[in-house]
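Reading through the structure tokens given below for one structure.
The values are calculated or read from the model by the stated rules, or taken from the named source; none is laboratory data. Computed from a prediction, not measured in an experiment: that's the story for all the values here. For neighbour counting, all protein chains shown are included, and Cβ atoms are generated from backbone atoms with ideal geometry for every residue, glycine included. These area figures cover heavy atoms from the full protein model, side chains too; ligands, DNA and RNA do not enter into them. Shrake-Rupley method; radii C 1.70, N 1.55, O 1.52, S 1.80 Å.
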Amino acid sequence: MRVRVGPAGWSYKDWTGPVYPSPKSSKFDELAFLAGLFDTIEVNSSFYRIPPASHSKSWLKRSAHNEDFLFTAKLFKGFTHEKKAFDEGDVNAFRAFLDPLYEAQKLGALLIQFPWSFKEGGGDAIPFLHDLFASFAPYPKVLEVRHGSFQNNDFLHFLEDEGVGFVNIDQPIFGDSVRPSDAVTAPRSYVRFHGRNYGKWFAHEESWERYDYLYPPSELKPWVKRVENMSEKSEVFVIMNNHFRGQAVVNSIEVMQSLGKTVEIPPQLAAAYPGRMKGA
């Protein structure tokens, strides 16, 4: 089966220099540039606000030079992080945003991510998830939960019945956090790397500080083995969210190389991370 690797997002000011050329020309297209390096990318701006369909149509045009490129998109936080019943108008608006990607067969997965405070206990989680999944049929879906109460066979069987992939994550582990895993519950599965910046995970002034982490090869190696195991059962999306100063791009390339993929390394990235970019 197929393994796709790429970063979460592409619009970061601190990527100019280490990832994007500096200075950038007015015509430089960040998404088009990354679509030349990777075969997938995660849209995370859709978590903060529901984009219009014009955005997804534009992204399709800007990545069209890579016929094999797929997007994944993070569900709007109003469905997952706010204490209210989700709004039908928001469902329709988000579906309108997804439809151009889905109809063009360029939607790899809809990422539904919940915070650590969302737990399986109490009996409310399963019915809520069932209704939420139904609201976004027939898109391919994957679920990321942060609380370890979901990491049990019964819940994984529930996801199998729903046809939803379990998101295997790497993150700092505190108490009841989800542990590393290689669960496959749907034809498309997902791995998401958040970094291991224990010191800044909770004690940070700026949100980017928690994602300031560059994985050493020794920490990536066990995950490469997990990904290979998962790929025997499903198509795997591997997404790096440790985005500060392009570290997600460095680690994405290293995972690709460990999987036997050939990558043309941008010279500015090789210069910013000497000794890490083999083949540069």
How are the Cα pair distances of the chain distributed, in percent, across 5 Å bins from 0?
-> 1, 5, 12, 17, 20, 18, 14, 8, 3, 1, 0
C-alpha long axis of helix 247-258 to longest principal axis of the chain, angle in ° = 90 degrees
Gyration tensor (alpha-carbon) shape descriptor, the stretch 147-254, a/c threshold 1.5 = oblate
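Using the Kirkwood formula over every pair of different C-alpha atoms, what hydrodynamic radius in Å results for the stretch 9-117?
Details: mean 1/r = 0.0666 Å⁻¹.
Roughly 15.0 Å, rounded to one decimal.
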Amide proton proximity set for Gln113, modelled H, under 5 Å, gap of 5+ | Leu75, Glu144
Under the definition of Cα pairs under 8 Å and six or more residues apart, what whole-number percent is the relative contact order of the stretch 1-115?
-> 28 percent
In terms of modelled amide H atoms, which long-range or inter-chain residues lie less than 5 Å from the amide H of Gly108?
-> Phe71, Thr72
Karplus-derived HN-Hα couplings along the stretch 192-203 (A = 6.51, B = -1.76, C = 1.60, θ = phi - 60°), whole Hz, x at Gly and Pro | 10, 9, 10, x, 10, 7, 4, x, 10, 4, 10, 8
Mind listing the long-range amide H neighbours of Ala64? Cut-off is under 5 Å, sequence gap 5 or more, other chains count too, H placed in the peptide plane at 1.01 Å from N.
-> none
Summed residue charge, Cβ within 13 Å of Phe33's Cβ, Lys/Arg positive, Asp/Glu negative = 0
Selection from Pro217, Leu156, Thr185, by position along the positive dipole direction of the stretch 125-259 (Cβ) = Pro217
Relative to the longest principal Cα axis of the chain, at what angle does helix 53-62 sit, 0 to 90 degrees, rounded to 10?
-> 30 degrees
Residues of the stretch 234-266 with backbone N under 18 Å of the label point set 7 Å from the Cα of Lys278 along Cα→Cβ are 249-266
In a Gaussian network model over the chain where Cα atoms closer than 10 Å are linked, find which of Gly246, Gly121, Gly78 has the largest mean-square fluctuation.
-> Gly121
Short version: what are the Cα gyration tensor semi-axes of the stretch 194-280, square root of 5 times each eigenvalue, largest first, in whole Å?
-> 23, 19, 10
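Past 32 Å, Cα to Cα: identify those pairs from Lys119/Lys200; Lys77/Lys278; Lys74/Lys261, in the order given.
Over 32 Å apart, Cα to Cα: Lys77/Lys278.
In a shell of Cβ-Cβ distance under 13 Å around Pro21, excluding Pro21 itself, what net charge do Lys and Arg (+1) and Asp and Glu (-1) give?
Details: positive: Lys24, Lys27; negative: Asp29, Glu30.
Result for the neighbourhood of Pro21: 0.
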At a Cα cut-off below 16 Å, give the lysines reachable from Lys57, other chains included and same-chain residues fewer than 8 away excluded.
-> Lys106
What's the longest bit of the chain with no exposed chymotrypsin sites (Phe, Trp or Tyr not before Pro), using DSSP loop states and at most 16 other Cβ atoms within 10 Å as the test?
-> 203-280
Residue among Ala270, Ala125, Ala73 with the largest mean-square fluctuation in a Gaussian network model of the chain, springs linking Cα atoms under 10 Å = Ala125
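About its Cα centre, what dipole magnitude does the chain give when the only charges are +1 on Lys and Arg Cβ and -1 on Asp and Glu Cβ, stated in debye to the nearest 20? Show your work: numbers first, answer last.
Details: 32 positive and 34 negative charges, 162 e Å.
Its charge dipole is roughly 780 debye.
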Compare the Cα positions of Gln257, Phe244, Ser231 along the charge dipole of the stretch 200-259 (+1 at Cβ of Lys, Arg; -1 at Cβ of Asp, Glu; about the Cα centre) and return the one farthest towards the positive end.
-> Ser231
First select every other residue whose beta carbon is under 10 angstrom from the beta carbon of Val263; then total the charges, Lys and Arg +1, Asp and Glu -1.
-> 0
If one builds a Gaussian network model of the chain from Cα atoms under 10 Å apart, the most fluctuating residue listed among Val250, Val236, Val263 is Val263
Straight-line reach from Lys24: which aspartates and glutamates have Cα under 14 Å away, leaving out those fewer than 8 places along the same chain?
-> Asp14
Rounded to whole Hz and in sequence order, give me ³J(HN,Hα) for the stretch 261-274 from the Karplus expression 6.51 cos²θ - 1.76 cosθ + 1.60, θ = phi - 60°, writing x for Gly and Pro.
-> 8, 9, 10, 8, 7, x, x, 5, 6, 5, 6, 6, 10, x
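Calculated FRET efficiency, Ala271 and Asn229, Cβ-Cβ r, R0 30 Å, to nearest 0.05? Don't skip to the answer; put the middle values down first.
Numbers: r = 35 Å, r/R0 = 1.17.
The value I calculate is 0.30.
In the stretch 128-280, what percent of the accessible surface is made up of carbon and sulfur (1.4 Å probe, ligands and nucleic acids excluded)?
Values: 3190 of 6490 Å².
Of the solvent-accessible surface of the stretch 128-280, carbon and sulfur hold 49 percent.
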Within the chain, which is the longest segment containing none of the GluC sites (Glu not before Pro) that sit in a DSSP loop and have at most 14 other Cβ atoms within 10 Å?
-> 83-204
Which stretch or stretches of the stretch 158-173 have amide N atoms under 18 Å from the point lying 7 Å from Ala203's Cα along the Cα→Cβ direction?
-> 172-173
Table column - 3J(HN,Hα) (Hz), the stretch 216-226, Karplus curve with 6.51, -1.76, 1.60, x for Gly and Pro | x, x, 5, 7, 7, 4, x, 6, 4, 5, 4
